[in-house]
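Shown next, in structure tokens, is the structure this report addresses.
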Amino acid sequence: MVKDGYFYSLGLFAAAWAAWILTHHSRTATGVPILLAFFFLWFFRDPKRTVPTGENLVVSPADGKVTECEWIETPQGSKLRLSIFLSVFDVHVNRTPIAGTVTGVEYRKGAFMNAMNPESVMFNEQTLVLVNDGRVEIGFKMIAGLLARRIVCNVRPGDVLQRGQRVGLIKFGSRVDVLLPGDAQLLVRKGHRVKGGSSVLAKLV
């Protein structure tokens, strides 16, 4: 459980207790905050994952559905971009796709368009994390969505990460993009559902 879930749920349980007293035991008035409290406990779940141990594997940074697999041109050359859409029902804890050293963390303010909108990658609030394993550098971008109003990133440049290690959280529906080397061997396709830290997205060559 992510600690945020306890904060939200305890506040709602307190609101339910207050409503119970002030409304002279109205079940309707107390039922709504209680249901919301249980929702937040469920939403901020943080299940354990078995991280694959094979060499040169890239694991998914998030739970969700693969919505894009395309090559793009960047100043560093051709990259393979995978987009993963997280609905409000998915686990929202994010993990690093590879082991390595964090070489950059870039936060950018922006809008809160629907994460399914292709323009969200350009205009929405987002945080880009770059991880270098000594051979390649892979970036993954946490992008806020229509409901997401906060991106939590718990790593900074210089941190050494293990594959599948927790790095942050996007609160509510959102999107995570992964930028891979153009010659990476893709092991998923559009429409596949993946789990953060355990589903293999690609193999580096």
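Springs between alpha-carbon atoms under 10 Å, Gaussian network over the chain: tell me which of 170, 143, 21 tops the mean-square fluctuations.
Of the options given, 21 has the highest mean-square fluctuation.
Going through the cross-link list 65/171; 48/79; 141/190; 141/195, which pairs have a Cα-Cα distance over 25 Å in this structure?
48/79
Which FRET efficiency, nearest 0.05, do residue 200 and residue 24 yield, Cβ-Cβ r, R0 35 Å?
0.05
Just to be sure I understand the model, the point goes 7 Å from the Cα along the line to the Cβ. What's the resulting residue 53 to residue 74 distance in nm?
According to this spin-label approximation, the distance is 3.0 nm.
Identify, among 26, 192, 75, the residue whose Cα sits farthest towards the positive end of the charge dipole of the chain, taking +1 on the Cβ of Lys and Arg and -1 on the Cβ of Asp and Glu, with the dipole about the Cα centre.
26
Mind checking the full-extension length gain between residue 10 and residue 109? Use 0.36 nm per residue of separation minus the Cα-Cα distance, one decimal, nm.
32.7 nm
Measuring from centroid to centroid over Cα atoms, what is the spacing of the range 39-55 and the range 57-99 in Å?
So the separation of the two Cα centres works out to 16 Å.
Please give, to one decimal in nm, the separation of the simple spin-label points placed at residue 189 and residue 45, each 7 Å out from Cα toward the Cβ.
Calculated label separation equals 3.0 nm.
Quick one: what are the phi-derived ³J(HN,Hα) couplings along the range 9-15, Karplus 6.51/-1.76/1.60 with θ = phi - 60°, whole Hz, x for glycine and proline?
5, 5, x, 6, 5, 5, 5
Determine, from the Cβ-Cβ distance of residue 172 and residue 17 and an R0 of 30 Å, the FRET efficiency 1/(1 + (r/R0)^6), rounded to the nearest 0.05.
0.75
Every read-out reported here was derived from the displayed coordinates using simple, explicitly stated rules and does not represent laboratory data. None of the values given here were measured: they were computed from a predicted structure. Neighbour counts are summed over all protein chains in view; Cβ atoms, including those assigned to glycine, are modelled from backbone coordinates with ideal geometry.
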